[in-house]
Amino acid sequence: MNAIPQAVTLTPETSAAARTARWTIAEIEALYQLPLMDLIYRAQQVHRENFNANEIQRSTLLSVKTGGCSEDCGYCSQAARYSTGTEREALLPLDEVIAAAQAAKDKGASRFCMGAAWRGPKDKDLAKVTEMVRAVKALGLQTCVTLGMLKEGQAEELKEAGLDYYNHNLDTDASFYGQVITTHKHADRIDTLGQVREAGLKVCSGGIIGMGEARRNRAALIAQLANLNPPPESVPINNLVPIPGTPMADVAPIDHFEFVRTIAAARISMPASFVRLSAGRQAMPEELQALCFLAGANSIFYGDKLLTTGNPEADRDEALFEKLGLRPI
Ligand code: SAM
Ligand code: DTB
Ligand code: SF4
């Protein structure tokens, strides 16, 4: 237990310096090995040094271009090569996007996140997405898009349109990555994140837990995210939503406490980042979600749909917030 790194015992005075320290995989693994009560206590301490522990950020997702994707991500309902029942659709018209964003705002979301099933955007597609970003921003919402890998100049165009966040997940550790995706590389993802940063956009990047990876892979993913300089402002931790027809349809679900440990490790190693309890919430009992908030998650996807799968109804989340005394921000 003495192997716990210095950065775990953050005080307000040391936290700025600690944030620039690199995390080793062994240090993150040592966090995972702590007794659960100690781990959650440390995560909650770090959380309270950096955030109001009763406040949760809410983002609503919309799939603006669904299905027919060229890539082979083994978890994804939108890859054209798997028979998942998700049909290819055209890019949504602007008025539908605006209506969905207005509805999300009326329900209390602070950020609107638009996803497209692309390897990356073509220039003519990007022009349509920048129109969407401008319109959503004009409603007074924070904006986020997730469009796949970017080419030079595209991040700048998005920034110019008023985009706040670009989501691009590392998904998993580099050494497990080849068992999940072969059509683009882990290094391509790091490259896109670099372009997003360079353009002055905020970075949203996290991964998926429960794809059959080992704890060491989970620790390596968290270390790599924490060692991005600076770390992502937003870190979505997705629990795999098993999709029939994909290679991951029958992967055994991850133990709940291992998922909570992952949230805590993200919180401790990325003290100033929003950690989002992301996909998989629909299958989680309220008590597990509360444990994730206690372990330092302070953001959720809000609204009854993620991209192609379900998410708890907004009213159910409102009721849960009420029970837990959580305030949306
Ligand atoms: N096509 C773009 C890309 O891959 O970056 C954007 C959309 S993609 C669906 C966004 C992210 O959603 C993926 O990187 C993955 O982390 C997450 N995701 C997709 N399907 C998932 C599933 N079945 N369970 C959990 N997370 C999933
Ligand atoms: C993220 O990390 N998770 C979101 C968002 N970023 C784009 C997507 C989750 C997708 C879950 C499966 C689906 O609905 O298709
Ligand atoms: Fe395509 Fe993105 Fe799904 Fe991969 S995760 S198959 S890139 S939509």
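Data for the structure
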quantity	calculated
Test set (1) buried (at least 21 other Cβ atoms within 10 Å of the Cβ); (2) of a type outside the set (Phe, Trp, Tyr); (3) free of Cβ contacts under 8 Å to residues at least 40 places away in the same chain; (4) within 16 Å of ligand 3 (Cβ to nearest atom) - Lys122 fails condition number	(1)
Residues within the range 308-329 that are of a type outside the set (D, E, K, R) and surrounded by 24 or more Cβ atoms within 10 Å (Cβ to Cβ), tallied	0
Selection from the range 104-119 of residues that are surrounded by 15 or more Cβ atoms within 10 Å (Cβ to Cβ) and part of a helix (DSSP H, G or I)	Ala104, Lys105, Lys107
All positions within the range 240-263 that are in contact (Cβ under 8 Å) with a residue 40 or more places away in the chain, touching a helix residue (DSSP H, G or I) at 6+ places or on another chain (Cβ under 7 Å) and under 26 Å from Thr60 (Cβ atoms)	Val260, Thr262, Ile263
Residues satisfying the stated conditions in the range 98-113, i.e. farther than 19 Å from Asp171 by Cβ and within 15 Å of ligand 2 (Cβ to nearest atom)	Ala100, Ala104, Ala109, Arg111, Phe112
Selection status of Ser269, more than 17 Å from Asp171 (Cα to Cα) and either without any contact (Cβ under 8 Å) to a residue 12 or more places away in the chain or under 16 Å from the mean Cα position of the chain (by Cα) (or both)	yes
Residue within the range 180-195 that is out of contact with any Ser or Thr (no Cβ under 9 Å at 6 or more places or on another chain), among the hydrophobic types (A, V, I, L, M, F, W, C) and over 16 Å from Gly148 (Cβ atoms) present	no
Residue among Leu62, Leu31 that is farther than 30 Å from Val97 by Cβ, under 23 Å from the mean Cα position of the chain (by Cα) and at pLDDT 95 or above	Leu31
Test: Val241 is surrounded by fewer than 21 Cβ atoms within 10 Å (Cβ to Cβ) and either within 11 Å of ligand 1 (Cβ to nearest atom) or at pLDDT below 95 (or both)	no
Cβ-Cβ under 6 Å pairs, at least 6 apart or on other chains, the range 289-310 side closer than 18 Å to Leu147 by Cα and in contact (Cβ under 8 Å) with a residue 40 or more places away in the chain, far side part of a helix (DSSP H, G or I) and among the aliphatic types (A, V, I, L, M)	none
Residue tally, condition without any contact (Cβ under 8 Å) to a residue 24 or more places away in the chain, under 19 Å from Thr246 (Cβ atoms) and surrounded by fewer than 18 Cβ atoms within 10 Å (Cβ to Cβ), over the range 174-202	1
Matching residues in the range 74-88 - criterion: being surrounded by 14 or more Cβ atoms within 10 Å (Cβ to Cβ) and over 14 Å from Pro244 (Cα atoms)	none
Number of the condition not met by Glu71 [criteria: (1) surrounded by fewer than 21 Cβ atoms within 10 Å (Cβ to Cβ); (2) in a helix (DSSP H, G or I); (3) in contact with a strand residue (DSSP E or B) (Cβ under 7 Å, 6 or more places away or on another chain); (4) touching a residue at least 60 places away in the same chain (Cβ under 8 Å)]	(2)
Residue match in the range 285-308 (condition: in a helix (DSSP H, G or I), touching a Cys at 6+ places or on another chain (Cβ under 8 Å), away from ligand 2 (no atom under 16 Å from the Cβ) and under 22 Å from Ala53 (Cβ atoms))	no
Qualifying residue in the range 40-62 (condition: within 16 Å of ligand 1 (Cβ to nearest atom), more than 27 Å from Lys323 (Cβ to Cβ) and surrounded by 17 or more Cβ atoms within 10 Å (Cβ to Cβ))	yes
Matching option when the condition is in contact (Cβ under 8 Å) with a residue 12 or more places away in the chain, closer than 15 Å to Leu158 by Cβ, surrounded by fewer than 23 Cβ atoms within 10 Å (Cβ to Cβ) and not polar (S, T, N, Q), among Ala30, Ala135	Ala135
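The values are calculated or read from the model by the stated rules, or taken from the named source; none is laboratory data. Nothing here was measured: the structure is a model prediction, and the numbers come from that model. A quick note on method: Cβ atoms are made from the backbone with ideal geometry, for glycine too, and the neighbour counts reach across all protein chains shown.
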